[in-house]
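Reading through the C-alpha cells given below for one structure.
The values are calculated or read from the model by the stated rules, or taken from the named source; none is laboratory data. Predicted model, so just to flag it, every value in this text is computed and none were measured. A quick note on method: Cβ atoms are made from the backbone with ideal geometry, for glycine too, and the neighbour counts reach across all protein chains shown.
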Amino acid sequence: MLVCDPVSQEILDVNDAILDLLGYTRGQLLALRLPDLYARGGQEPDDLGPSTCHLHSHARRIAGADGENHHAILQRCAIEYGGRDAVLVVLQDVTRHVEAEGELRATQKELHRAQALAMIGNWIWDAASDSHVTSSPEGYRILGFRPEDAPVSTAEIYARIHPDDRALAERARERALHDPDYKYDIEFRLVRPDGEVRWLHSVAEVKYDAVGRAVKMLGLVQDVTERRRAEDNVRRLAYYDTVTALPNMNLFEREVEDRLAQLRRGAGRGRSPARLACLIVDLVRFRDVNYALTHMYGDVLLALVADRLAAVVGQAGVVARCDSRFPIVLDGADEDEARRWAQHLLRALEAPFAVAGISYEIGARIGIALAPLQGLDYHTLLRKADIALYQAAGMARNVAVYVAEDDPHTPDRLSLIGDFRAAIESGQIQLFCQPKVTMASRDIVGAEALVRWVHPDKGCIGPETFMPLIEATDLIHVLTRHMLESSIAQCEAWRAQGVRLPIAVNLSARDIAALSLSEHLRELLERHGSCAGLIGLEMTESSLMQNPAESIAELERLSGMGFRLYVDDFGTGYSSLSYLSRLPVDVIKIDHGFTMQMIEDGRAASIVKSTVHLAHDLGMGVVAEGVSNARIWDALLTLGCDEAQGFYVAAPMPAGELLDWARASPYRLQGEHACA
C-alpha cells in the first residue's frame, strides 16, 4: 500500500509489499505521483478529493519497474498522515485472476467457434420452470431461436419438431426422466420458422436431487442434416438403381427375405395370405436399342419400362431392376393370381415407347416361381423364376410357371455334367438307335442315333437329363464328335455283316455354326474308310434359322459331300418357306407333337397332311416321328407319308442289338449296296 497527497497525488509513503510487487526502490516511488504508476493506454487519473476517498475500490493496470503491467484493485480512503490530509491506497494484485478470465473468454470463444464448425450446441432443461436455456450461440441457431428468446419453454421447442418425429422425442424425454439407466440419444427433424427442415442429433444426461427427482437435463444438440443427406445418398446408391430409381437386387433381396421370413412363421404381408409370387420380366430384343441407338437411349427405354411396371404393381409388391430384367415380388399371390398379374404387365408393355424420336415396340417374357410351394429361400425362388423364364422361351410362350420336372439345372444334373467328358472316355456314353421303316414296303431303311448315359451308379440316363445343360457349353461338340464317330463305326460294323443301314445323327445350332464341321466329317470318313451316304444329319428348324445364310452355305458343303440332310421337328420352329425352299434338304421329319395328336385333333391332322404335301411338292421325303400305334400308322399311310419312326415300330435300343431285333421283326432288312 501507499500514501498519497489528495491534491498533487504525490506518493508520500509506501510499504515493503508494494516495493516487492512493483520492483521499485522506496526512493523511486517517493519521487512519483500515483498516476505515474498507471500503465499507458487510456486510463484517466483518479480524483482523490474528499468526496471520492471514502472506502472505494476500482481496477487499474499498474506498471512495474520492469515495464510489466499488473492488474490491481485499488481501495482508497482518507486518512491523516503526519498532521496533514492524505489518501491511503491499498493495491490488491489480481493479475492471475484477470489473465485466467481472459483465457476463459478465449476458450469460450474457441468453443463457440468449434461448436459452430461442428454444428453442435449445448442446452439445459430446468424442471422447475420446464424451460430450456443455452450459453451457446450455435445452440440457439440450431434450434431456430434468438438469444433474447431465452428461456424457451419445452412446448415451444416441441412445437417445432417435425410432426412425424414429435412422439419419438416425447417418449425419449419421458423415459430419460424416469429411467436412470436410459441413455437419451435421439435423432429427429426440426422445422425452422422459415420452413426449412433440418435433422438434429441430441444427447443428454439427467441430474437428480437427493430423493431421485429429475431437476435438470444437460444436453448437446448437433445439426446432422448433411450427414443424413450423405447417408441417404449412399443408401440410394447401395439399394436403388440409378437409371430407373427402382430397388436394385440388394434391396430386392432384403424385401423378399423379409416376406419369406414372415411366411416361415406362417404369416403373410399385412393382411395378405401366407404366400407370394416371384416374377422375372425379361425384355425381348432390348439389345437392339443399345446397338442401334447407344446405351444412353437404352437407359431411357429401361426407365420408361420401369415406370409402366411400377404403375401396374403399385402397393401390391416390389419391382426391381437387374440389367434388362425386372424382378417382381407380389404379396399374397397364388399361381392363378400371378398369371393374371403377368398378363397385366404384358399389356402395360404393348403400347410403343417413344425413344430418340422412334416409336419402338418391345416384347417381354415372364417367369414365375411361387412360395411356399416352390421354396422359402430367396436364391432358390429367384433361380426357379429364372428357370421358368427359360422354360417360357423354350415353349415359345410369354409366361411360364416353374415346373420341377422340366428343370434341367438341378444339383444332381449339374454334377453329372462335371463327369460328362470322363463318361465319354470311359464308354458310359453309348449309341442307341431307333429304326425307321418305309410305310409302303415296310423296309427298315435306317435309324436315328440317340444318346444314352449308362451310369455305373444311376443306371441308364436319358438325354432330357443332361442335354439342356451341355448344349450351352463346348461339351456339345465333344458329344457330337463322339456320336458321329460311334455312328460311322457302327455302320461299318453292319456293312461287315452285309447290311447297309444308314444312321442319322442330330446336330445342334452350335454344331452347324462351327465352320469346321464338314472338315471334321471328312476326316472321320477317311479314318474309317466309310462313305457319306451311310450318315444322315438332322437339324431343327430353329437351329437353321439362327444364321440362315451361314447355315445354307454349310449345308450345301455337306450335301455336296453326299450326306443325307434332314429338317427335324418340323412345324415347331419359325422357318420361312422361302429359306426352306433354298435349303439342300432331303427329308422333312414331322414333329411327334403333331403325329401323336392327329387322331383326336383335326388341326394337328391338317398340319401333318399339309407338311406331307409340302415336302413332296419340294421334292423331299417325309419321316413321321412319334408313331405310337396302328391308328396313327394307318392315317399316315393314307396321307402318303414315306417313313415312320416311333414306339409302334420299335423303342430305342442299343445299336449293337438292332440287327437281332430287325431279323425278328415284321419288317424287312435291306442288303448291302454300294455307297452313293
Every residue from the stretch 188-213 that is at pLDDT below 90 and under 20 Å from residue 175 (Cβ atoms) | 208, 209, 211, 212, 213
Within the stretch 304-317, residues exposed (fewer than 15 other Cβ atoms within 10 Å of the Cβ) and of a type in the set (A, V, I, L, M) come out as 311
Test for residue 542: is it at pLDDT below 95 and over 26 Å from residue 657 (Cβ atoms) = yes
Residue 224: of a type outside the set (S, T, N, Q), buried (at least 16 other Cβ atoms within 10 Å of the Cβ) and in contact with a His (Cβ under 8 Å, 6 or more places away or on another chain), yes or no?
-> yes
Subset of the stretch 629-674 that is of a type in the set (A, V, I, L, M) and closer than 14 Å to residue 445 by Cα - its residue that is surrounded by the fewest Cβ atoms within 10 Å (Cβ to Cβ) = 659
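Let's see how each residue does on (1) free of Cβ contacts under 8 Å to residues at least 24 places away in the same chain; (2) under 16 Å from residue 308 (Cα atoms):
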{"position": "338", "(1), (2)": "no, no"}
{"position": "341", "(1), (2)": "no, yes"}
{"position": "344", "(1), (2)": "no, yes"}
{"position": "351", "(1), (2)": "yes, yes"}
{"position": "373", "(1), (2)": "no, no"}
{"position": "379", "(1), (2)": "yes, no"}
{"position": "385", "(1), (2)": "no, no"}
From the options 448, 464, 471, residue that is touching a helix residue (DSSP H, G or I) at 6+ places or on another chain (Cβ under 8 Å) and either without any contact (Cβ under 8 Å) to a residue 24 or more places away in the chain or among the charged types (D, E, K, R) (or both) | 471
For residue 282, are the conditions met, namely being within 17 Å of the chain's Cα centre (by Cα), modelled with pLDDT under 90, assigned by TED's automatic domain parsing to the domain that holds residue 361 and under 17 Å from residue 247 (Cα atoms)?
-> no
Only one of 415, 441 that is hydroxyl-bearing (Ser, Thr, Tyr), surrounded by fewer than 16 Cβ atoms within 10 Å (Cβ to Cβ) and in contact (Cβ under 8 Å) with a residue 60 or more places away in the chain | 441
Condition set among the hydrophobic types (A, V, I, L, M, F, W, C) and in a loop (DSSP other than H, G, I, E, B), scope the stretch 316-341, selection farthest from residue 252 (Cα to Cα): answer is 333
Among the residues of the stretch 187-205, is any of a type in the set (Val, Ile, Thr), touching a strand residue (DSSP E or B) at 6+ places or on another chain (Cβ under 9 Å), buried (at least 18 other Cβ atoms within 10 Å of the Cβ) and in the same structural domain as residue 143 (by TED's automatic domain parsing)?
-> no
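Rundown of residues vs (1) assigned to a helix (DSSP H, G or I); (2) under 21 Å from residue 451 (Cβ atoms); (3) of a type in the set (Phe, Trp, Tyr); (4) at pLDDT 90 or above, yes/no style:
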site	(1), (2), (3), (4)
515	no, no, no, no
520	yes, yes, no, no
524	yes, yes, no, yes
538	no, yes, no, yes
Residues of the stretch 300-325 being free of Cβ contacts under 8 Å to residues at least 40 places away in the same chain and under 16 Å from the mean Cα position of the chain (by Cα), in sequence order, are 323
Residue check: is residue 470 crowded, with 20+ Cβ neighbours inside 10 Å and not assigned by TED's automatic domain parsing to the domain that holds residue 504?
-> yes
Note on the stretch 14-46: residues of a type in the set (Asp, Glu) and at pLDDT 60 or above are 16, 20, 36, 46
Taking strands (runs of 3 or more DSSP E) that do not extend beyond the stretch 342-398, which have at least 2 residues that are of a type outside the set (Ser, Thr, Tyr), over 24 Å from residue 299 (Cα atoms) and in the same structural domain as residue 249 (by TED's automatic domain parsing)?
-> 363-371
Residue list for the stretch 408-452, restricted to those being in a loop (DSSP other than H, G, I, E, B) and at pLDDT below 80 | 408, 409, 410
Turns out the helices (runs of 4 or more DSSP H) fully within the stretch 574-669 with at least 1 residues that are under 49 Å from the mean Cα position of the chain (by Cα) are 577-582, 592-595, 602-617
Of residues in the stretch 453-482 being part of a helix (DSSP H, G or I) and of a type in the set (Ser, Thr, Tyr), the one nearest to residue 525 (Cα to Cα) | 480
